[in-house]
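For reference, the structure discussed in these notes is given below.
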Amino acid sequence: MQAHTKSIILIILAVFASVGFARPAAAPPGPPVRNSAVKLTDANKPTDIPFPYTAEVTEDNVPIHCGSGTNFYICGKLKKGDKVKVVSSQFNWSCIVPPPGSFSWITTRYVSIDPDRPNIGIVTSDSIRVYAGSEQREPIHSETLQLKLNRGDEVKFIGKQKGDYYKIEPPPGAYLWVSTKYTKPIAPPVVKVIKPVVVKPKVDTNTPTKIVTKVDPNTDPNAAAKAEPNDMKALVPTTISGESENLKAYYAVDKLLKAEMAKDPNKQDYTKIKEALTVIAGNKDAGKAAKYAEFALRKIKAIELAMAIEKEVRLQNEELKKTHEGIDKARETRLAEVGALGKYAVIGTLQTSNIFISDAAKRYRIMDAAGKTICYAAPTGPIAKKDFSKLAGTKVGLVGKIEANPQISGALIRFTEIVQLN
């Protein structure tokens with residue numbers, strides 16, 4: 001009985017032990033656990049190095065894992081002498097910024113490609129998962145979550161699409177892990193602080209001091225509105241250091257942009273504004289200001305495209321209006337001619353002809369506007385022997401009867417009345 005009881009106790013302990021050492025399915029999202037500092041032991045005295053710090057790899061073929069343990073899959077390897085940036089630690093593992101060659105996976109479903117920058121993707125929804133990439137496993141089996149991205153965040157493509165996933169550069173906030181036993185913290189260099197010597201300027205008491213008040217465009221709401229695009233270089237110098245200064249420059253240009261958008265579309269000119277925004281967008285130290293500037297440039301591009309389309313539509317409408325006016329005019333002319341034909345059997349230019357009929361009465365030809373013969377004409381009745389040669393070359397209308405005449409292989413009108421229409 002006692003032996004049986006002991007066996008049950010051993011089985012229960014074994015179950016608890018297996019649960020305690022089981023591996024989690026994936027690294028939890030969010031920032032890694034971060035201890036306050038790493039203690040670097042020197043030959044004589046210990047030195048505390050706060051996070052983040054740079055560490056040097058001390059061995060070759062040191063595996064990089066997607067989590068803090070050997071049971072997490074390998075994402076790459078480091079060689080002796082490589083430098084890594086350590087941002088936190090957990091037990092005997094160091095959390096590092098992904099070194100060159102690292103990559104991540106993101107689903108293609110919620111990423112659109114920027115048409116102006118084919119290597120950049122824009123996230124189209126919130127809480128989109130990014131997974132640690134490994135050359136040793138397919139994207140669908142790379143289950144370790146690194147972070148989540150939101151709508152508008154950008155990712156950089158660094159390889160071909162694989163299945164339903166894009167291969168991307170690890171975004172800021174994505175981390176990997178390496179065993180601390182294979183790294184050696186590098187002590188930061190000692191910076192000697194030199195106290196500056198302030199030299200007071202010599203003041204000439206005989207010369208009156210002129211005080212010039214400089215208007216800060218960030219405090220004066222009307223300063224940016226008063227500035228012209230030609231003064232853009234003054235607002236955005238070619239060299240700006242730091243995110244804060246770039247943000248100030250961006251906000252100043254943004255005021256000019258809003259003022260330009262408020263103008264009549266025919267008077268809007270974004271040339272100088274685009275030049276200033278391009279300077280900010282291309283500055284590596286601009287931080288958020290660079291993203292804001294890039295978004296503003298895309299907005300201007302859309303505005304200019306809409307303006308170009310509106311102008312093209314306006315020109316087409318003007319051409320269409322002229323065409324309609326021409327059609328209406330031609331129709332009115334034709335209707336007038338048709339109305340005149342109600343009285344006359346034929347209308348055209350009268351010309352003399354050498355063809356005579358049996359009674360020796362002279363014949364005439366009726367010509368159209370192109371100079372082609374419409375028909376021949378012969379006076380009949382009371383005007384049969386009257387000479388109409390004096391009307392040659394003028395537009396006339398003939399009242400009479402049209403008949404086919406085999407002698408001339410065409411039509412002949414025997415008219416009883418002729419009216420000059422010019």
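Derivation of every value follows stated rules applied to the coordinates shown; laboratory data play no part. Given the structure is predicted, the values throughout are model-derived calculations rather than measurements. All Cβ positions, even for glycine, are placed from backbone atoms using ideal geometry, and neighbour counts span all protein chains on display.
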Query raised in the report: Using the Cα gyration tensor of segment 377-422, with a ≥ b ≥ c the square roots of its eigenvalues, what is the shape: rounded (a/c below 1.5), prolate (a/b larger than b/c) or oblate (neither)?
Result: prolate
Query raised in the report: What pairs in LYS299/LYS321; LYS148/LYS288; LYS156/LYS299; LYS267/LYS329; LYS156/LYS288; LYS156/LYS301 have C-alpha atoms more than 24 Å from each other?
Result: LYS299/LYS321; LYS267/LYS329
Report task. Starting with the fewest neighbours, write out CYS75, CYS375 ranked by other beta-carbon atoms found within 10 Å of each beta-carbon. Result -> CYS375, CYS75
Query raised in the report: With the Cα gyration tensor of segment 106-168 giving a ≥ b ≥ c as the square roots of its eigenvalues, does the rule (a/c under 1.5 for rounded; else a/b larger than b/c for prolate; else oblate) give rounded, prolate or oblate?
Result: oblate
Query raised in the report: What net charge do the residues around LYS148 carry, taking every other residue with its C-beta under 11 Å from that of LYS148, with Lys and Arg at +1 and Asp and Glu at -1?
Result: -1
Report task. Could you tell me which of rounded, prolate or oblate describes segment 343-420, using a ≥ b ≥ c as the square roots of the eigenvalues of the alpha-carbon gyration tensor, with rounded for a/c under 1.5 and, failing that, prolate when a/b is larger than b/c and oblate otherwise? Result -> rounded
Query - Amide H within-cut-off set for ARG365, under 5 Å, with H built and near neighbours excluded - result: GLN351, THR352, SER353, ALA377
Report summary line: Listed with the fewest Cβ neighbours within 10 Å leading, SER179, SER94, SER112 appear as SER112, SER179, SER94
Query - Fewest-first ranking of MET367, MET261, using other Cβ atoms within 10 Å as the exposure measure - result: MET261, MET367
Query - Within-12-Å neighbourhood charge of ILE113 [Cβ basis; K, R +1; D, E -1] - result: -1
Query raised in the report: Net charge near SER102, counting Lys/Arg +1 and Asp/Glu -1 over other residues with Cβ under 13 Å of its Cβ?
Result: +1
Requested in this report: Of the options ILE408, THR373, GLN351, report the single residue whose Cα projects farthest towards the positive end of the charge dipole of segment 343-420 (beta-carbon charges: Lys, Arg +1; Asp, Glu -1).
Outcome: GLN351
